[in-house]
Amino acid sequence: MKDIKHFNATSVADAAGKLADVDGAAPIAGGTDLVTAMRAMIYPGTPDAVVNLKTIPDLAYIREEGGNLKIGALTTVNDVAASNTVKSKWAALAEAAHRMGSPQLRNAGTIAGNICQLSRCWYYRSPFNKFNCLKKSQGAVCYALAGDNRYHSIFGARNGCVCVNPSDIAPALVAFGATIVTNKREIAAGDFFEVRVAPDKSGLTVLDKDEIVTEISVPAPGSGIKSAYIKFAFRKAIDFPIASCAAVIGNGSASICMNAVAGIPRKATGAEDAIAGQNITEANAESAAEAALSGASPPAKNGYMVQVAKTVVKRAILACA
Ligand SMILES: Cc1cc2nc3c(=O)[nH]c(=O)nc-3n(C[C@H](O)[C@H](O)[C@H](O)COP(=O)(O)OP(=O)(O)OC[C@H]3O[C@@H](n4cnc5c(N)ncnc54)[C@H](O)[C@@H]3O)c2cc1C
């Protein structure tokens, strides 16, 4: 068993410094994702050190400020789901948080950890690095391209990898036009996600090694705008989405984002164009959902995901009527 150094960060600057200085260091918050990856030894080399963010004071809060919802990075997913402030104007975000994992995971997992979580691709996650895939090793292959790809991207590869982004909260943040605040910059939620492959960091965000999410800022939707989050998973609890959709619709505008169908949360621009300014009906929700999935090219084993994704998009739109 390998020794892993553990640092309790006292401030964001302290955490960033440790991440910059210590080789192979990774930030840890609730640990519900990172610890399972480390324990299964999915990496060619496990992180040599973890920098505990939970010891940083004042990073867990939910408040409304200047018309925006501000959520501290260490806020638990459960607190987001249960917050009356979030439920009052950002229903899709509250519902996305509510649909994440199980009560135990929601109590331990944080909002920042949720959007920074690693890929669930079973080749990538295979214990003891059985498949040293493209995400982990330069020049290696994406095993899912030719292998068992039943839970993989139906919109092609990103950087050669066909994993999907599994976060429940990510599509809600993209649909609301949220901003992710880090110790270095502010990033639009729509620009925050990427499929990283070796020799780069193998995560699913654009964050630098020494970059830490500190806050999430979500603009308030105007009056008359409704939002909804719909997720399909094989099990009702403790299951990642097969496909999900967050919709924010009203006052002539529509913002719709799918997740778990591509490497990054995917804005359904065809659906937005089809539904913006319309009275929502069964018929136009159906044609908007068709538009959302136009261009899908599922690999051999997951053609079923196209119909699942269409259905979640349609239901998310109808829930905003
Ligand atoms: C059985 C099981 C079921 C699950 N089901 C779901 C599900 O249905 N939906 C879903 O979305 N997720 C699910 N998850 C994933 C995970 O539990 C959640 O995403 C959780 O919110 C992760 O938060 P955390 O604080 O525990 O993250 P951690 O495990 O602490 O960290 C996750 C990643 O984020 C990085 N990180 C953490 N905080 C920060 C920060 N502030 N800045 C920069 N990087 C950071 C870490 O380095 C790590 O790479 C599940 C996990 C398990 C084990």
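No value in this document is a laboratory result; all are computed from the given coordinates. None of the values given here were measured: they were computed from a predicted structure. All Cβ positions, glycine included, derive from the backbone under ideal geometry; neighbour counts span all protein chains shown.
Observations
- Segment 1-72 shape via C-alpha gyration tensor axes, a/c threshold 1.5: prolate
- Amide H contacts of ASN183: ILE212, THR214, each under 5 Å away and 5 or more positions distant or on a separate chain (H built 1.01 Å from N in the peptide plane; Pro and chain starts excluded).
- Dipole magnitude of the chain about its Cα centre (Cβ charges: Lys, Arg +1; Asp, Glu -1), debye to nearest 20: 860
- Integer Hz, Karplus 6.51/-1.76/1.60 couplings in order for segment 104-109, x for Gly and Pro: 4, 5, 5, 6, 9, x
- Listed values for segment 83-94 are Karplus-derived 3J(HN,Hα) couplings in whole Hz (6.51 cos²θ - 1.76 cosθ + 1.60, θ = phi - 60°), namely 5, 5, 4, 5, 4, 5, 10, 10, 4, 5, 6, 4, and x replaces Gly and Pro.
- Taking 25 °C and 0.890 mPa s as conditions, segment 119-169 diffuses translationally at an estimated 220 µm²/s according to Stokes-Einstein applied to its Kirkwood radius (Cα pairs).
- Taken over segment 1-142, the percentage of Cα pairs per 5 Å bin, counting from 0 up to the bin with the maximum distance, is 2, 10, 16, 18, 17, 15, 11, 7, 3, 1.
- Inverse mean reciprocal Cα-Cα distance (Kirkwood Rh) of segment 180-321, Å: 16.4
- Taking amide H positions as modeled 1.01 Å from N, with prolines and chain starts lacking one, the residues under 5 Å from ALA73 and 5 or more places away or on another chain are GLU215, ILE216.
- Spin-label model distance (nm) - SER223 vs ALA283, 7 Å beyond Cα toward Cβ: 3.2
- Neighbour net charge for TYR61 - beta-carbon separation under 15 angstrom, K R +1, D E -1: -2
- Ordering of 143-151, 211-219 by packing is 211-219, 143-151, highest average first (other Cβ atoms within 10 Å, averaged per residue).
- Ordering 260-266, 175-181, 61-67 by mean Cβ neighbour count within 10 Å, with the highest value first, yields 260-266, 175-181, 61-67.
- Charge sum, other residues only, whose C-beta stays under 11 Å from ASP239's C-beta, Lys/Arg counted +1 and Asp/Glu -1: +4
- Largest-first ellipsoid semi-axes for the chain, taking √(5λ) over the Cα gyration tensor eigenvalues, angstrom: 31, 25, 15
- Estimated distance in nm for a label pair at GLN104 and ASN251, the labels positioned 7 Å out from Cα along Cα-to-Cβ: 4.3
- Candidates per trypsin sites (Lys or Arg not before Pro) in segment 206-246, loop by DSSP, up to 10 other Cβ within 10 Å: ARG235, LYS236
- Computed over every Cα-Cα pair of segment 96-237 and binned at 5 Å starting from 0, the pair-distance distribution P(r) comes out as 2, 9, 17, 19, 19, 17, 11, 4, 1, 1, 0 percent.
- Residue-wise HN-Hα coupling along segment 62-67, computed from phi with Karplus coefficients 6.51, -1.76, 1.60 (Hz; x: Gly, Pro): 9, 8, 9, 9, x, x
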